[in-house]
Amino acid sequence: MITVRFAPSPTGWLHLGSARTALFNWLAARHGGGRFLLRIEDTDRVRSDARFLEEILEDMKWLGLDWDGELVYQSRRFDIYREKAEGLVVAGKAHREGPAIIFKVEPGRTVEIEDMIHGKIIFQTENFKDQVLIKSDGSPAYNFSCVVDDSSQGVTHILRGDDHMTNTPKQALFYEALGLIPPKFGHMPLILGPDGAKLSKRHGGVSVREYKEEGFLPEALANYLILLGWTPPGGTEILDLAEATRLFEIKDMNDVQAKFDILKLKWMNGEYIMKKPAADLLPLLRDQFVRDGFDPARLGDGPLAGVLEAYRVRIKTLRELGELADFFFKDDYAVDEEAKAKYLGPAENRDNLREFAARLEKLESFSHDAIEAVCRDLAAERNLKAAGIIHPTRLAVSGKAKGAGLFEIMELLGRDISLARMKGAAL
Ligand code: GLU
């Protein structure tokens, strides 16, 4: 049975690269009916923080990942690492230097790693220094605790970033010295920013949290991240975790670096927004409004669903709905001043607006079709194109020159707000 693990260090938020690592290990386990374990590499007492761990776990759950068994905390296993290291001292493979324990690397050896993604990789021990197993403060070095835990947790396959490539031959030496069979290793090419450098803060958001806050759906982010390391057979790009689980094979993972393309991620997010039932999107939208400073209680579920349907095709993130449709949720919405001067400056336009409002006041039902009929009649009477009334009115009720259909917007806003804004603008 395949056993994999994800081993985050709780020293910061869940990075996109780490999230991708977690996703691939999870896929490998779920595809093979195996186990996906979680190990917390919190040996750095100063930089590790319980708050980061909580957030990492929360973000993993948000992405749709679950794990098997109890969490293993390295900070609780210092005695075990020391005992294993002492064993190597007794065997003559390591020595003490004060409280530290150091592993002697034999020079002149070749270490071969049969990498599941890159194929055979050969290292020469000449280039390795002797390796710290236990540091003088009593904490284990990453390479050593990693080997001790991977073997005691029965890990069979390790998928991790290329940044660990140079650690792997050292870990292989420890397996050998401890008389253990190493797991299979696969190193994933790093995610690059658009400029070809390793993805970092300077390219924009690098943590799962930032994308969540901007209004990306977890399904879309998970889908996008797995494409940065794997090409599904048949070239399908939109696939949820269940479908990916069915199709995934470690051997199909890419051995070339992938560029992070925010436009593609946004496109994909838009696709998921289009597909998701309104009932499932509404609670997410309300959370987004809270984050973005809108009053989430301003619209009930019915009208909010109406706004969503009017704008769904235009948005790529949930945040964008608030930006395009802010005038539904607040009175101090953004106003396009240039368009305002153009459409509401001329006295004639304001007069049309005043008349349109007066006629709408008498309307029995304030519906899309009825509003449209009034608009068209007025335009015909005054020898105008309907657009001559529509543009100033749109500006008046929404502050914008573009957006969803005007009559749709007005019906959703309701008579009171629409007329108050029209009258205000016609002054
Ligand atoms: N804690 C290490 C990291 O976050 C884990 C590396 C590994 O998977 O072995 O990079």
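Annotations
- Exactly one residue out of 180, 173 is in a loop (DSSP other than H, G, I, E, B), in contact with a Phe, Trp or Tyr (Cβ under 9 Å, 6 or more places away or on another chain) and more than 15 Å from the ligand (Cβ to nearest atom), and it is 180.
- Any chance residue 113 is in contact with a Leu (Cβ under 8 Å, 6 or more places away or on another chain) and closer than 30 Å to residue 189 by Cβ: no
- Within the range 128-169, the residues that satisfy the criterion of being within 13 Å of the ligand (Cβ to nearest atom) and outside any helix (DSSP H, G or I) are 140, 141, 153, 155, 157, 158, 159, 160, 161, 165, 166, 167.
- Of all residues in the range 289-297, one or more are at pLDDT below 95 and among the aliphatic types (A, V, I, L, M).
- Look at (1) within 14 Å of the ligand (Cβ to nearest atom); (2) over 13 Å from the mean Cα position of the chain (by Cα); (3) buried (at least 20 other Cβ atoms within 10 Å of the Cβ); (4) part of a helix (DSSP H, G or I) and you find that residue 43 fails only one, number (4).
The rows are residues; the columns are (1) outside any loop (DSSP other than H, G, I, E, B); (2) surrounded by fewer than 24 Cβ atoms within 10 Å (Cβ to Cβ); (3) within 13 Å of the ligand (Cβ to nearest atom).
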residue: 5; (1), (2), (3): yes, no, yes
residue: 9; (1), (2), (3): no, yes, yes
residue: 20; (1), (2), (3): yes, no, yes
residue: 25; (1), (2), (3): yes, no, yes
residue: 30; (1), (2), (3): yes, yes, no
residue: 37; (1), (2), (3): yes, yes, yes
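- Across the range 94-127, the qualifying residues are those that are closer than 23 Å to residue 43 by Cα and either small (Gly, Ala, Ser) or surrounded by 15 or more Cβ atoms within 10 Å (Cβ to Cβ) (or both), and the one among them that is farthest from the ligand (Cβ to nearest atom) is 98.
- For the range 74-92, the criterion of a residue being within 12 Å of the ligand (Cβ to nearest atom) and either modelled with pLDDT of 95 or more or part of a strand (DSSP E or B) (or both) is satisfied by at least one position.
- Single residue of the range 198-227 satisfying the filter (farther than 15 Å from residue 267 by Cα and of a type in the set (S, T, N, Q)) that is modelled with the lowest pLDDT: 200
- Odd one out for residue 65 among (1) in a loop (DSSP other than H, G, I, E, B); (2) surrounded by fewer than 19 Cβ atoms within 10 Å (Cβ to Cβ): (2)
- Residue that is closer than 17 Å to residue 355 by Cβ, surrounded by 13 or more Cβ atoms within 10 Å (Cβ to Cβ) and touching a residue at least 60 places away in the same chain (Cβ under 8 Å), where the choices are 426, 404, 370: 426
- Of the residues contained in the range 188-204, none is found to be within 14 Å of the ligand (Cβ to nearest atom), in contact with a helix residue (DSSP H, G or I) (Cβ under 8 Å, 6 or more places away or on another chain) and either more than 20 Å from residue 225 (Cα to Cα) or without any contact (Cβ under 8 Å) to a residue 12 or more places away in the chain (or both).
- Residues of the range 93-124 satisfying the condition of being assigned to a loop (DSSP other than H, G, I, E, B) and either aromatic (Phe, Trp, Tyr) or more than 12 Å from residue 178 (Cβ to Cβ) (or both): 98, 99, 104, 105, 106, 107, 108, 109, 116, 117, 118
- Residue list for the range 212-266, restricted to those being small (Gly, Ala, Ser) and in contact with a Phe, Trp or Tyr (Cβ under 7 Å, 6 or more places away or on another chain): 220, 229
- Just one of the numbered conditions (1) of a type in the set (Asp, Glu); (2) within 23 Å of residue 124 (Cβ to Cβ); (3) away from the ligand (no atom under 16 Å from the Cβ) is not true of residue 249: (2).
- Residue check for residue 394: in contact (Cβ under 8 Å) with a residue 12 or more places away in the chain, of a type outside the set (Ser, Thr, Tyr), under 24 Å from residue 311 (Cα atoms) and touching a Phe, Trp or Tyr at 6+ places or on another chain (Cβ under 6 Å): no
The values are calculated or read from the model by the stated rules, or taken from the named source; none is laboratory data. Treat the numbers as computed from the prediction; the structure is a model and nothing was measured. Reconstructed Cβ throughout: ideal geometry from the backbone, glycine too, with neighbour counts over all protein chains shown.
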